[in-house]
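A.B. asks: Got a structure here, written out as structure tokens. Questions coming.
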Amino acid sequence: MSALRVGVIGANAKSGWARESHIPALQGLSGLELVAVATSTRDTADEAANAYGVRAYDNGLDLARSPDVDIVTVATRVPDHRDMILAALESGKHVYSEWPLGAGERETEGLCKAADAANVHTAIGLQLRGSPTVKRARDLLEGGAIGRLLSANIYSSTAGFGPEVPNPYVYLENPQNFANLVTIQGAHTLDLAFHLLGEAVASNSLVSRQFPKVAIGGHKEIHQRTTYDHLLLQGATARGVSLGIEVAGGRSPEAPLRFEVVGEKGTLSLQGGAARGFQSHRLSLHVNGEKEQVDEGELSGLPSSAVNVGGVYAALRDDIRDSTSHVTGFAQALRLTRRIEAILKTGGASRAA
């Protein structure tokens, strides 16, 4: 089978998540070929064309409709996702969307329905599910390496969403954009916890503002924060595993993740990450205090910022090639969006059946 042709919308040549993760992942994996990128202006498109050596568009919709692309990756700001994804689906493209998929439940549900109608493969950027370390941790837990699971304590932090907001991130302060501490860092954290331990069938949550006043932009104008920058959740899974989760913004980047599971026969922990959050970097795995070696296979040569995203691309590639459905797609994005919205709407206690 010839390589699948991938176009990335939001691939700036100088900065951004696509540059750090999607581009090196595609450049390092077999069976996938980066053939196009798109930015929002002609100048930045020309810069991207020179940097990546591929065709560059100054309009993401043009890339999404291009007959020369098999997979469209949407790595733009959340408010821009809907139009780009719909254009790609209407053109029969497979789609990899960054998380969050849409700006809230209604928009996400509409995108899921459109993907089902298009009968294509989709992937959602909950990239810890593509992490070789997370896969090894799940195998160990399901194989009984630490016995029956009793409890888990999780601390997840990011340097973002603190008391100062640089200009490129001001849009994150608007709740309507569905791109804030709870919807991004909180969602990645809950997804990892539920993926490894099972869904919480009962939970209580508390969202709050550690930094109720923030300094916006280069002039540091003081504004009242209208989103939340802290989340606490306690819950229990169907198997009786007790969960304690804290997700915090504006914290030191030295230890973004501490994820410890206690079983009857021992402990398992995941540690590490990067300043923007644990989801954007390699993690280390420890069983009873001893570091576990993880075979990363074809992902081993990728930089830490790209290894988890690379795992998602590899699964999507294999699904398209083999006509399977293993990669985490838009359906899971809808389930997680509904849980996050429930947390945000209550502002306090929430319960999931």
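The values are calculated or read from the model by the stated rules, or taken from the named source; none is laboratory data. This one's a predicted model, so the numbers in the text were calculated from it and none came from an experiment. Quick reminder, even Gly has a Cβ in these numbers, built from the backbone with ideal geometry, and neighbours come from all protein chains shown. Surface accessibility is based on the protein's heavy atoms, side chains included, excluding ligands, DNA and RNA. Shrake-Rupley method; radii C 1.70, N 1.55, O 1.52, S 1.80 Å.
A.B. asks: Bins of 5 Å, beginning at zero and ending with the bin holding the largest distance: percent of Cα pairs per bin for region 1-118, please.
C.D. replies: 2, 13, 24, 25, 19, 11, 4, 1
A.B. asks: Here's another thing I want to ask about it. Could you tell me what percent of the accessible area of the chain is made up of carbon and sulfur, with a 1.4 Å probe and every protein chain present?
C.D. replies: 46 percent
A.B. asks: From the P(r) of region 234-305, could you give the percentage of C-alpha pairs in the tail past 16 Å?
C.D. replies: Tail fraction, whole percent: 61.
A.B. asks: For region 111-158 and region 189-258, compute the distance between their C-alpha centroids and round to whole Å.
C.D. replies: If you average the Cα positions of each part, the centres end up 18 Å apart.
A.B. asks: Considering only DSSP states other than H, G, I, E and B, which GluC sites (Glu not before Pro) in region 230-323 qualify as loop sites with at most 10 other Cβ atoms within 10 Å?
C.D. replies: Glu254, Glu264
A.B. asks: Which three numbers, in whole Å and largest first, are the semi-axes of the equivalent ellipsoid of region 74-166 derived from its Cα gyration tensor as √(5λ)?
C.D. replies: 32, 21, 11
A.B. asks: Taking 8 Å as the Cα distance limit and 6 or more residues as the minimum spacing, I'd like the relative contact order of the chain as a percentage.
C.D. replies: This gives 20 percent for the chain.
A.B. asks: Something else about it: Of all DSSP beta bridges located in the chain, what percent are antiparallel, nearest 5?
C.D. replies: The antiparallel proportion sits near 60 percent.
A.B. asks: Over region 34-75, consider all pairs of different Cα atoms and compute the Kirkwood hydrodynamic radius from their mean reciprocal separation; express it in Å, one decimal.
C.D. replies: About 10.1 Å, per the Kirkwood formula over Cα pairs.
A.B. asks: Average projected area of the Cα convex hull of region 99-223, in nm²?
C.D. replies: 10.5 nm²
A.B. asks: While we're on this one: Which one, Leu4, Met84, Asn59, is farthest towards the positive end of the dipole of the chain when Lys and Arg carry +1 and Asp and Glu -1 on their Cβ?
C.D. replies: Positive-most Cα among the choices belongs to Met84.
A.B. asks: Hull surface divided by four, with the convex hull built on the Cα atoms of region 230-353: how many nm²?
C.D. replies: Projected over every direction and averaged, the Cα hull of region 230-353 covers 10.2 nm².
A.B. asks: Take the chain, compute every pairwise Cα distance, and split them into 10 Å bins from 0; I just need the percent in each bin.
C.D. replies: Whole-percent P(r) values from 0 Å outward: 5, 25, 34, 26, 9, 1.
A.B. asks: While we're here: What whole-number value in Å² describes the accessible area per residue of the chain for a 1.4 Å probe?
C.D. replies: So the chain comes to 43 Å² accessible per residue, rounded to a whole number.
A.B. asks: Where nothing but the Cβ of Lys and Arg (+1) and of Asp and Glu (-1) is charged, how large is the charge dipole of the chain around its Cα centre, in debye to the nearest 20?
C.D. replies: For the chain, the charge dipole is close to 780 debye.
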